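Remarks on the structure that follows.
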Amino acid sequence: MRQLGTWARRIGVGFVRSCVVAVVTMPAPAVWAVAVAWAIWWGAGNPWSWLGPFVLVCVGTLGLSRPVCRLVRSLVARWTGTFIPAGYREAGPVVRMSTGYWWNGFSYERSRRDAVLDQKWRVRWKDPAVWRDVRFTGIVPFAAGVVAAVPSAGVVAAVLGLGQPGLTARLAGVFGLVVAIATAPYAWRLLVPVAVRFLRPSRAMAMTERVEELTAQRADATVAQAAEIRRIERDLHDGAQARLVALGLALATAEKLMETNPDQAKALMREARGGAAASLAELRELVKGISPPVLNERGLVDAVRALALDVPLDVAVSADAGLRLDPVIEAAVYFGVAELLTNAVKHAQPSRARISLAQDDADLIVEVEDDGRGGANVRADGGLAGLRRRLAVFDGTLEISSPPGGPTRVRMALPCDSL
């Protein structure tokens, strides 16, 4: 009985999926049929009778292509777990210039609305993914839609045949029922290889997307490097450099006063010694911000534990024993954890936090969780977006779960090899 129930469920699920595939893949042929009927109704004697149907076919197929392809990707992912990337080109930002015109990456427009509309159509017209969708919309009805329609056609034949008198009609109805039952579990499955073959981005499209991604990452890295250099220069100029200049002046004055006023010279030398100690402390903090000594000497795990001790929270750190990675990966993770803890203390007001570091095959998984008030989100100009871009340089990812009221969970994953 259990096998019979499983078999009946497979038939039912397969029949429903086959009907869904047939409905999703047939809108374009329906538009084509309407265009043909329109051309026949106008008649062949009219020299312009082909123009209206031709426009209907082109506009209808182009307009249906993206919704149909989105539905197909969604169905394939839901039914089989196969993810097919869309690969559409993303539109760039629309910027208002000092002249008052709006620049959309292609042309100047008088208003932002005109700039966005012009950009939308230019990107869509030049995007190879759009024409890939149009091709798929024309292929899938014959490659998968016709086969998916077989079970429903068999049911229709069974209903019509069994409802008519006569042995031939009833045999035709029984045959249609057998065809529907036999093909229902399998008729929809042809959609998966067809979608994977014709909907996935081509090698050239994937390469172009990767080049654009790497170009953006390189630009972000260049901007971040320039900002870091300016920060170091500013800290040196305003802090240690000013103190060292004052130290030199104090020593020069003390040298002149050594014979005439020894007490004042000694006081200046004491101030100079205090200034030297303060300069040394500032230089150590500066070096720590560039490359923490504990990270270089003792590795990522001990550096994160030392970082947790400096945070005004109850922070628990758990990590795999002997976890040593490439220095650049360790630095990226260390500063990422530092930024997350700083954000938690500054915005979430938590009482405790948890940090875990583990290596899963060739990936380093870092999770930072706090019991704060939550509500963290990634803004385009925010620190979390910058952290995500810095991790993307190493093909890393950043996932955030922060519902209102907390808790906030951040997961960083970086592909790496253990040393």
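Quick note: the coordinates plus some simple rules give every number you see, no bench work behind them. None of the values given here were measured: they were computed from a predicted structure. Reconstructed Cβ throughout: ideal geometry from the backbone, glycine too, with neighbour counts over all protein chains shown.
If I take R0 = 35 Å and measure r between the Cβ atoms of V178 and V23 in this structure, what FRET efficiency does the formula 1/(1 + (r/R0)^6) give, to the nearest 0.05?
E between V178 and V23, to the nearest 0.05, is 0.90.
Starting from the Cα of A91, step 7 Å toward the Cβ, then list every residue of segment 115-131 with an amide N under 15 Å from that point.
Inside the label zone: 115-127.
What FRET efficiency comes out for D363 versus A385 if R0 is 25 angstrom and r is the Cβ-Cβ distance? Round to the nearest 0.05.
0.70
Is segment 305-415 best put as rounded, prolate or oblate by its Cα gyration tensor, with a ≥ b ≥ c the root eigenvalues, rounded for a/c under 1.5, and otherwise prolate when a/b is larger than b/c, oblate when not?
Judged from the Cα gyration tensor, segment 305-415 comes out oblate (a/c at least 1.5, b/c at or above a/b).
Determine the sum of side-chain charges near D371: Lys and Arg each +1, Asp and Glu each -1, restricted to other residues whose C-beta is under 13 angstrom from that of D371.
Charge balance in the 13 Å sphere: +1.
Extending each Cα 7 Å along its Cβ direction at L71 and R10, get the distance between those two points in nm, one decimal.
Each label point is offset 7 Å from its Cα along the Cβ direction, giving 2.8 nm.
For segment 32-166, what class follows from the C-alpha gyration tensor (a ≥ b ≥ c being the square roots of its eigenvalues): rounded when a/c is under 1.5, otherwise prolate if a/b is larger than b/c, else oblate?
Oblate.
Taking the Cα-to-Cβ direction at A169 and at K120 and moving 7 Å from each Cα, how far apart do the two end points lie in nm?
Going from the A169 label point to the K120 one covers 5.4 nm.
State whether segment 325-376 is rounded, prolate or oblate according to the following rule on the C-alpha gyration tensor (a ≥ b ≥ c being the square roots of its eigenvalues): a/c under 1.5 gives rounded; otherwise a/b larger than b/c gives prolate, and the remaining case gives oblate.
Prolate, because a/c is 1.5 or more and a/b exceeds b/c.
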